[in-house]
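I have placed the structure first, in the form of structure tokens, so that the comments after it can refer back to it.
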Amino acid sequence: MYQFSILNSIGFNEIIIFLILLVVGVIIISILKTLLHFLVPIVAAIVVWFVTSNLIYAGIAFVVVAILQLILRR
């Protein structure tokens, strides 16, 4: 019988490491996508915080801009 030589050369540890790296990569990509999605609200909150020096106003600005961005994109 013909055996796949590539399957014989791959060890169990390499498969586990590959799966772990795959999961870590997906997590990192999702975090970056989320950060890019919230980039405009983060900038708005930073601007409001620098202007007013009030963290509550910055939080309100973040939430309002995030909701507006969500509504207007659809």
Open item on the list: Tell me yes or no: at least one residue of the stretch 37-49 is in a helix (DSSP H, G or I), within 30 Å of L72 (Cα to Cα) and among the aromatic types (F, W, Y).
Closed with: yes
TODO: Keeping to the stretch 10-36, report how many residues are small (G, A, S) and in a helix (DSSP H, G or I).
DONE: 2
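No value in this document is a laboratory result; all are computed from the given coordinates. Here the structure is a predicted model, which means the values were calculated and not measured.
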